[in-house]
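Have a look at the structure below before the remarks.
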Amino acid sequence: MKPDSSPQYITDDQGNRVSVVLPVDDYQELLDDLEDLAAVAERRDEESIAHDDVLKHLKASGKL
């Protein structure tokens, strides 16, 4: 979220926060971050490939 963003809270009769109102851009940014984190978690157990090996493969296949 941007530093100047201030969420607004909706409270119940006792003053407890029950909901939050965010600017749409901030909400979308949070959703994007959640999707990224889900993708990372989903691929956590996949084997890693060294950066140099990826570059070699891309160059050999003509993609780089």
Discussion item. List pairs: first residue in the stretch 1-25 and modelled with pLDDT of 95 or more, second residue among the aromatic types (Phe, Trp, Tyr) and surrounded by 11 or more Cβ atoms within 10 Å (Cβ to Cβ) anywhere in the structure, Cβ distance under 6 angstrom, at least six positions apart or on different chains.
Written reply: ARG17/TYR9; VAL20/TYR9
Worksheet item: Taking ARG17, is it touching a strand residue (DSSP E or B) at 6+ places or on another chain (Cβ under 8 Å) and basic (Lys, Arg)?
Response: yes
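The values are calculated or read from the model by the stated rules, or taken from the named source; none is laboratory data. Fair warning: this is a prediction, and the values are worked out from it, not measured in the lab. Please note: Cβ atoms are built from the backbone with ideal geometry, for glycine as well, and neighbour counts cover all protein chains shown.
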